[in-house]
Amino acid sequence: VNGQACHLHILLKMPAKITVSYIAQQLKGTSSRFMNELSGNQRIFEWSRGYGAFTVSKKDVTMISNYIKNQKEHHKSGTLNQDFEQV
C-alpha cells in the first residue's frame, strides 16, 4: 500500500470467490469510517466513486510492489507508468 494525496495503490492477493467490487467497498468503507471517526465524525474524508483494478502475473509482483513503494519518487521525477496511473 502506498499513495499520494489524490490516489492510492494497493497490491493484494484475493480469492477468486471474492469480487473486486466487494474488496473496494470494504476498503473504502472501513477507511472512510476510521478517518471520519478520527476527525470527530466531521465527514471531512470521502473517497471518489470510482476505482481501478488490474490482474497481474506472479512474475510481475516484485516489479509492481517496487513501483508502489516508490510512488512519491515517480510523481516527483515524472517517471509514472501510464498503465498504473491512468484515471
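The values are calculated or read from the model by the stated rules, or taken from the named source; none is laboratory data. Remember, predicted model here, so these are calculated numbers, not experimental data. Every residue, glycine as well, gets a Cβ built from its backbone with ideal geometry; the counts of neighbours run over all protein chains shown. Please note that ligands, DNA and RNA were not included when accessible areas were found on the heavy atoms of the full protein model with its side chains. Shrake-Rupley method; radii C 1.70, N 1.55, O 1.52, S 1.80 Å.
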Practice problem: Confirm whether residue 56 is in contact with a helix residue (DSSP H, G or I) (Cβ under 9 Å, 6 or more places away or on another chain), modelled with pLDDT of 85 or more and loosely packed, with under 13 Cβ neighbours inside 10 Å. | Solution: yes
Inside segment 2-49, the number of residues satisfying the requirement of being exposed (fewer than 11 other Cβ atoms within 10 Å of the Cβ), closer than 25 Å to residue 70 by Cβ and modelled with pLDDT under 85 is 3
Pairs returned, first residue in segment 51-64 that is in contact (Cβ under 8 Å) with a residue 40 or more places away in the chain, second residue that is open to solvent by 60 Å² or more (accessible area, probe 1.4 Å) and in a loop (DSSP other than H, G, I, E, B), beta-carbon separation under 6 angstrom, 6 or more apart or interchain, are 64/11; 64/56
